[in-house]
1. Sort through Leu139, Leu130 and tell me the only one that's modelled with pLDDT of 95 or more and aliphatic (A, V, I, L, M).
2. Here are the criteria: (1) more than 24 Å from His182 (Cα to Cα); (2) out of contact with any Lys or Arg (no Cβ under 6 Å at 6 or more places or on another chain). Tell me which single one Phe10 does not satisfy.
3. For Leu56, indicate whether it is over 22 Å from His196 (Cα atoms) and either surrounded by 20 or more Cβ atoms within 10 Å (Cβ to Cβ) or within 16 Å of the ligand (Cβ to nearest atom) (or both).
4. Which ones in the range 104-126 are in contact (Cβ under 8 Å) with a residue 60 or more places away in the chain and either among the aromatic types (Phe, Trp, Tyr) or closer than 15 Å to Gly49 by Cβ (or both)?
5. What is the one condition in (1) among the charged types (D, E, K, R); (2) touching a residue at least 12 places away in the same chain (Cβ under 8 Å); (3) surrounded by fewer than 22 Cβ atoms within 10 Å (Cβ to Cβ); (4) in the same structural domain as Lys30 (by TED's automatic domain parsing) that Glu145 does not satisfy?
6. Hey, among Lys111, Lys146, Lys123, which residue is basic (Lys, Arg), out of contact with any Phe, Trp or Tyr (no Cβ under 6 Å at 6 or more places or on another chain) and not in a loop (DSSP other than H, G, I, E, B)?
7. Of these, Gly202, Gly231, which one is at positive phi and either touching a His at 6+ places or on another chain (Cβ under 7 Å) or basic (Lys, Arg) (or both)?
8. Which one of Ile194, Ile209, Ile221 is under 18 Å from Lys243 (Cα atoms), assigned by TED's automatic domain parsing to the domain that holds Ile255, among the hydrophobic types (A, V, I, L, M, F, W, C) and in contact (Cβ under 8 Å) with a residue 40 or more places away in the chain?
Amino acid sequence: MKLNALQAGFNLDHIVLESPNPYNLAKFYKEIIMMEFVKKNNNELICEGKNRKIILIKGKKNKLSYAGFSCRSKESLNKFKNFIISNNVNLKKFENNHLKKGSFSIIDPDKNILSFGIRKNSKKIFKNELCMPLQHLTLSSKNVEKFQSFYCGLLGFKITDNVVHENGSLATSFLTSNHEHHTIACFKSDKIGIDHHSYEVGKWENIKILCDYFSKKNVKIIWGPGRHGPGNNLFIFIEDLDKNWIEFSAELEIIHDRKYKKWPQSENTLNLWGKAILRS
Ligand SMILES: [Fe+2]
């Protein structure tokens, strides 16, 4: 039997970022993003908080090494594997140690590596109530159409919203693998790789608390507070030491089987409240 990504139900579990100075970056994630970190023998720095995991390794600045999505049952995972094999998606020979044994990985049209598996629960208990889950990964690509055909057509993520240029080409594609508006998205850009990653903090009050928290830590909000059109979520963005963009989002739309919408590529679409950072 086969299940697509939406039917199997995947959450973003972790992302692995390269950095020229992963140790300094790990200290930033500890001090500012409320995570603890440990160094593994293979030189990975694993930063963890309540339902959030970012792994840092030595390498190029702003480079996504790979990302992992997890689903609840081995049965659903295997049915999803059947689905993508039947669509002739190649499985990559790569063992992702951050998921339980039996995970598998694919490579997308922009050579991003994604793993699918069962979550390895942390043995630690994290008490920080503001440390909320890693929720979505947003990529950037020169060809959003290819991204969308691959993730929707071959993996079975569901399109929830499209942002479209005047000439009809895609500026942004939002896709989901569960009930949340998007678990993965892609912006058209000259840059290929990661655009940002996001933590979902639930409610407006927490965005306010985070703004005050970042102010005390001397970290500037680089965009927002604002509200995105697609997803209707409240947001703020900060940058880490490598200038990776980090989003904190609240009130992200929960999808109840609605058709996808088309939005024009405009400042208003990206931020209903004001200025936008348009990627293309
Ligand atoms: Fe986002």
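The values are calculated or read from the model by the stated rules, or taken from the named source; none is laboratory data. Just so it is clear, the structure is predicted and the values come from calculations on it, not from any experiment. Note: ideal-geometry Cβ built from the backbone for every residue, glycine included; neighbour counts use all protein chains shown.
1. Checking each option against the conditions leaves just Leu139.
2. Here Phe10 meets the rest and fails (1).
3. no
4. Phe116, Arg119, Ser122, Lys124, Phe126 - these are the residues of the range 104-126 that are in contact (Cβ under 8 Å) with a residue 60 or more places away in the chain and either among the aromatic types (Phe, Trp, Tyr) or closer than 15 Å to Gly49 by Cβ (or both).
5. (4)
6. That would be Lys146, the only listed residue that is basic (Lys, Arg), out of contact with any Phe, Trp or Tyr (no Cβ under 6 Å at 6 or more places or on another chain) and not in a loop (DSSP other than H, G, I, E, B).
7. Matching residue, one of Gly202, Gly231: Gly231.
8. Ile194
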